[in-house]
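Participant: Before I ask anything, let me first share the structure, which is written out below as structure tokens.
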Amino acid sequence: MKAYNPLEIEPRWQKIWAECGQDKVREDASKPKKYVLEMFPYPSGDIHMGHVSNYTYGDVLARFARMQGFDVLHPMGWDAFGLPAENAAIKHKSHPAKWTYANIDTQQASFQRMGFSYDWDRKVVACDPEYYRWGQWIFLKMWERGLVERRNSPVNWCPDCGTVLANEQVIEGCCWRCHHEVEKRDLTQWYFKITDYAQELLDDLDQLTGWPDRVKQQQANWIGRSEGANVDFILCDKEGNAPAEPTDDDIITVFTTRADTLFGCTFFVLAPEYRDLPEMVAGMPNEQAVLDLIEAAKKITAVERAQGDHEKHGVFTGRYVVNPINGEKVPVWVADYVVADYGTGAVMAVPCGDQRDFEFAKKYDLPIVPIILEEGDPLFSQLNGVQERIVTSVDWGEAMEAQGILVQSGPYTGMVGGKHSPGEDAVVQALEDMNRGHRTVEFRLRDWLISRQRYWGNPIPAIHCPTCGVVPVPEEDLPVRLPEDIDLAAGETLATHEGFAKCTCPKCGGEARRETDTMDTFTCSSWYYLRYTDPHNDTAPFDSARANRWMPVDQYIGGIEHAILHLLYSRFFTKVMRDMGLLDFDEPFTNLLCQGMVLDANGEVMSKSKGNVVSPEEMIAGYGADAVRATMLFMGPPDKEKLWSEDGLAGMFKFLNRLWRIVCDLVGKADDKTLYDASAAAEGAHANAMAMKRERHRVVGKVTADIERNNFNTALAAIMELANTTAAFLRLKPAEHRLNCENGGPLCRDVAESIVKMMAPIAPHWAEELWHDVLEGEGSVHDQPWPTFDPELAKADEVELAVQLNGKVKGRITVAADADEDTIKQAALDNVAALTDGKTIRKVIVVKGRLVNIVASA
RNA sequence: GGGAGCGUGGCGGAAUUGGCAGACGCAGCGGACUUAAAAUCCGCCUCCUUCGGGAAUGUGGGUUCGAGUCCCACCGCUCCUACCA
């Protein structure tokens, strides 16, 4: 018998498959399509165990789909732009492309050693001009549609490095690389207007029935739709007098979801970044204090805000506004707990109904007026029904944010208040009637800031002309190529690279400057899945007919860390391109599988600093890729965390050896005619063979269903059960499985073939070698039809049922599989007759194929 | 603060969605083969037990003929997100 030697067979089959184009997309329109896609990796060094798990799931599903008769698209590429490449280039005084392409080669070789069935002719690399060219094209088309905007906004700026930093790159107020203090700077940046699609991005989550709920929930929270009202407050002049005839300039609008609490508004707060603030305080006594607070707020970073103890700082501006609902004059403060870019950047503060306002009021000793109470509150009887306004300061432990009854709220006193309450509705109605407010919807989602002052990204195709303004690069001039002769280590940037920055205006032909910002790398990953459908197209990003045939992606697989940004941006791009008439579907990914992290045996994250990183290459070298794949699949459900242990790998290697021997034994038996002497068959031999056959059909049915549900671990467990049954069958003495000459050989062969085919997606080299050399099959095992199964044949003639007495198992009966209920009842009653003697049988419940429960009492 | 999820043997995990808890595997223990070891094969493997049984799916209650699964409360853990008015 030939021994299993993965280190010999794996490279051999990988070479043969590559030479014969085994993994190429067939583009066979006669078959139904299936697009299986795993999120493309960032080329940072070699692959790790997380890649191995992610891409193994995808490969199993792709191979399984092909055997099930689908025309399968299963591509791979690299998300190749980004900061790590630039940093590596600076460190090694080389070019980002060098580092990037070297890593891509390393990773691709590792993927090939894992036996992943990618069509490498469709490889997409994001930093390839033939790819990013079309990213620029999409940018221009979005610009034409009004979805691109340039606008001024405060961004994180490191004066030492001379660049903008992402929020994540600012650590405790300092640059992550040079530790210089980061400033907020107003810079003109490029934005994609994703907020135009906020409502549809939210609504269409309902279509995504194949997505995990938690991902949809996260997206919904991120989009953050909030129904409320805009309320207009009237700004008093610097002497504190309300204008007799307020104009639009005298109005400061706030957004609130709690208009019902308007009577409890005791002060008013502006964000430090509020646009008109410096002008509002000019010449006021508190001017300097306000300006200091504005400066201090600039230094507070997103990281600090998230980690800090939420200590609120504020200053009275000296100005007042008039509350439109009751004409009361309240002081205007500026405080760093109000964010500038949500709502209007101004807030009506109701300390009794909002915890943040409450804390702020306590800190600065501002009045807290109760206007909403629970009915049981001691104050309730005192204030309920009192029409005139009694300003009663209270000192509660916390604000009352739940629903309650409105008190001392003018005509609304006694109504139910809260979010979406009758009280809220009535107040908004009143504001609308007096033309001091209206219903509106706010989204948390912000427009997508896509410009980066970085070299290693996709250049924004725009030109700044002193006479024509900002002009798009004409389509025929695409791609705007990144210059290769740049010395990043010496501090050169696109802006200082004259060969790149200097250009002529496409409109007037005059001297002009090229835009030197590049696009956020998330723009590259927002449409790569479309490029795979037509990767070599040099007249368009893709052919619509091809994209419409393959899309949407039937199964998308990747890490949960992309639950918001990547998936949201991709959904946005898809909808935009649909509206451009390029695509005829609404959502890019039908089914989403978010895999869990791979941790070490102690449940710890693998990291270089901890020294617990497991190298996939070492595992392949020790046990073969097939064992690594199978181990990964067997560890548990794909969406849960997995604890990697080499013991598990060694165990799986043993199993592959054992199953190999079982297949060889089966084929040996199938071919040995001397074993099938019907005349010498022992009693029970037929039953043994039928049991074997039954198990084969049961297991094929289970494995098929399990893979379809992504339950790879239980699919493998079922194959192990079949292995155990088969091993026991093979151990029988010859006479015990002699059944008859016609069926014995074919049965052994059928079991062997079924095992090899079911293992093909899991252990592709192992299966191919057995298919080719032991079963002597035609072609590749990966082109064979998936084994069929007959549910009828999987059924046993007799079933064993548990007999319960009042829910506790007391006995067992064996009945014919098709026995009627009365027969089963009687058999069960007979079985436990001794125990029910003298008791009253109240009820007998029969659960077919499982158990009988007898309810009896004394 | 908000959201999502989880809790089952020494360990990873099963349980057809309300029907015999612990499939399958790892580790461990015993045996066979072997001069010996490795490999392989077979068996045992939740806990307690007076060997009749009894208890058990984080804790306590509830619904049900029947609960790991559904409901309520509590305890513990994980992830995401966050001054969103």
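Participant: For A:ASP206 and A:VAL339, calculate 0.36 nm times their separation in residues minus their Cα-Cα distance, and state this gained length in nm to one decimal. List each step's numbers first, then the result.
Facilitator: Working: separation 133, 0.36 × 133 = 47.88 nm, distance 3.04 nm.
Length difference between fully extended and current span is 44.8 nm.
Participant: In addition: Near A:LYS33, which lysines are there with a Cα under 23 Å away, not counting those fewer than 8 places off in the same chain?
Facilitator: A:LYS24, A:LYS123, A:LYS575, A:LYS757
Participant: Under a plain spin-label model, where a point goes 7 Å from the Cα along Cα-to-Cβ, how far apart in nm are A:GLU183 and A:ALA601?
Facilitator: About 5.5 nm separates the two model spin labels.
Participant: Rounded to a whole number, what is D in µm²/s for region A:557-632 from Stokes-Einstein with the Kirkwood radius over alpha-carbon pairs (4 °C, 1.567 mPa s)? Provide the component values of the computation, followed by the final result.
Facilitator: On the way: Rh = 15.8 Å.
In µm²/s, the coefficient rounds to 82.
Participant: Here is a further query. In degrees from 0 to 90, rounded to the nearest 10, what is the angle of the helix A:422-433 Cα long axis to the longest principal axis of chain A?
Facilitator: Helix A:422-433 and the main axis of chain A meet at about 50 degrees.
Participant: Calculate the all-directions average of the projected area of region A:427-478's alpha-carbon convex hull, and give it in nm².
Facilitator: On the way: hull surface 32.5 nm².
Averaged projected hull area, Cα only: 8.1 nm².
Participant: Right, something else. Would you mind calculating the relative contact order of region A:1-135 from Cα pairs under 8 angstrom and at least 6 residues apart, reporting the percent as a whole number? Display every interim value, and only then the final one.
Facilitator: On the way: 149 pairs, mean separation 43.2, N = 135.
Once divided by the residue count of region A:1-135, the mean separation gives 32 percent.
Participant: Hey, what D do you get for region A:394-459 in µm²/s if you plug the Kirkwood alpha-carbon radius into Stokes-Einstein at 4 °C and 1.567 mPa s?
Facilitator: Values: Rh = 15.9 Å.
Rounded to a whole number, D works out at 81 µm²/s.
Participant: Rg/Rh for region A:196-271: what does it come to with C-alpha atoms and Rh from Kirkwood? Mind showing how you got there, number by number?
Facilitator: Values: Rg = 19.3 Å, Rh = 16.0 Å.
With Rh from the inverse mean 1/r over Cα pairs, Rg/Rh is 1.21.
Participant: May I pose another question? For the pair A:ASP579 and A:TYR364, how long in nm is the line joining their label points, each one 7 Å along Cα→Cβ?
Facilitator: 4.0
Participant: Residue farthest toward the positive end of the dipole of chain A, with Cβ of Lys/Arg at +1 and Asp/Glu at -1: which of A:TYR131, A:HIS782, A:THR253?
Facilitator: Final value for the positive-end residue is A:HIS782.
Participant: Another one. Dividing the convex hull volume of the alpha carbon atoms of region A:1-157 by its residue count, what do you get in Å³ per residue?
Facilitator: Details: hull volume 30.3 nm³, N = 157.
Taking only Cα atoms, region A:1-157 has a hull volume of 193 Å³ per residue.
Participant: Residue farthest toward the positive end of the dipole of chain A, with Cβ of Lys/Arg at +1 and Asp/Glu at -1: which of A:LEU851, A:THR467, A:LEU205?
Facilitator: Comparing the listed Cα positions along the dipole, A:LEU851 ranks first.
Participant: Rounded to the nearest 20 debye, what is the charge dipole size of chain A about its Cα centre when +1 sits on each Lys and Arg Cβ and -1 on each Asp and Glu Cβ?
Facilitator: Details: 90 positive and 129 negative charges, 481 e Å.
It comes to approximately 2300 debye.
Participant: Roughly how many Å² is the accessible area per residue of chain A, as a whole number, for a 1.4 Å probe?
Facilitator: On the way: 37470 Å² over 858 residues.
Spelled out: the 1.4 Å probe surface of chain A, per residue, equals 44 Å².
Participant: How large is the Kirkwood hydrodynamic radius of region A:381-531, in angstrom, based on all distinct alpha carbon pairs? All intermediate terms of the calculation are to be shown ahead of the outcome.
Facilitator: Details: mean 1/r = 0.0463 Å⁻¹.
Taking every pair of different Cα atoms in region A:381-531, averaging 1/r and inverting gives 21.6 Å.
Participant: Could you compute the longest span of chain A free of GluC sites (Glu not before Pro) located in DSSP loops and having at most 10 other Cβ atoms within 10 Å, not counting the site residues? Intermediate results must be reported in sequence, preceding the final value.
Facilitator: On the way: sites that count: A:GLU239, A:GLU311, A:GLU375, A:GLU388, A:GLU398, A:GLU484, A:GLU683, A:GLU776, A:GLU778, A:GLU792.
With GluC sites (Glu not before Pro) excluded where exposed in loops, chain A gives A:1-238 as its longest stretch.
Participant: Using only C-alpha positions, report the orientation-averaged shadow area of the convex hull of chain A, nm², one decimal. Before the final figure, lay out each step's value.
Facilitator: Details: hull surface 200.1 nm².
Mean shadow area of the hull around the Cα atoms is 50.0 nm².
Participant: Can you list residues from other chains, or at least 5 along the same chain, whose modelled amide H is less than 5 Å from the amide H of A:TRP448?
Facilitator: When sequence neighbours closer than 5 places are left aside, the close amide H contacts are A:PHE192, A:ILE194, A:THR195.
Participant: Related question: Measure nothing fancy, just the Cα-based angle from helix A:287-299's long axis to the longest principal axis of chain A, in degrees from 0 to 90, nearest 10.
Facilitator: Taking Cα atoms only, the helix is inclined about 20 degrees.
Participant: At most 11 other Cβ atoms within 10 Å and a DSSP loop assignment: could you name the trypsin sites (Lys or Arg not before Pro) in region A:708-797 that fit? Display every interim value, and only then the final one.
Facilitator: On the way: sites: A:ARG709, A:ARG731, A:ARG738, A:ARG749, A:LYS757, A:LYS795; in loops: A:ARG709, A:ARG738, A:LYS795.
Filter output for region A:708-797: A:ARG709.
Participant: Dipole of chain A (Lys/Arg Cβ +1, Asp/Glu Cβ -1, origin at the Cα centre): which of A:ASN458, A:VAL441, A:ALA29 lies farthest to the positive side?
Facilitator: A:ALA29
Participant: Could you check how much of the accessible area of chain A is carbon and sulfur, as a whole percent, using a 1.4 Å probe? All intermediate terms of the calculation are to be shown ahead of the outcome.
Facilitator: Values: 18390 of 37470 Å².
Using a 1.4 Å probe with all protein chains present, chain A comes out at 49 percent carbon and sulfur.
Participant: Follow-up question, since we're still on this one. Quick one: what Rg and Dmax do you get for region A:487-643 from the alpha carbons, in Å?
Facilitator: Radius of gyration, then largest Cα-Cα span, for region A:487-643: 22.3, 66 Å.
Participant: Quick check: pseudo-label points 7 Å beyond the Cα along Cα→Cβ at A:ARG658 and A:THR836, how many nm apart are they?
Facilitator: Each label point is offset 7 Å from its Cα along the Cβ direction, giving 4.2 nm.
Participant: Still on this structure, please answer the following. Output the 0 to 90 degree angle, nearest 10, between the alpha-carbon long axis of helix A:741-759 and the longest principal axis computed from the alpha carbons of chain A.
Facilitator: So the inclination is approximately 20 degrees.
The values are calculated or read from the model by the stated rules, or taken from the named source; none is laboratory data. Being a predicted model, the structure only gives us computed values, none of them experimental. Neighbour counts are summed over all protein chains in view; Cβ atoms, including those assigned to glycine, are modelled from backbone coordinates with ideal geometry. Ligands, DNA and RNA are stripped out before the accessible areas are found, and what is left, the full protein with its side chains, is counted by its heavy atoms. Shrake-Rupley method; radii C 1.70, N 1.55, O 1.52, S 1.80 Å.
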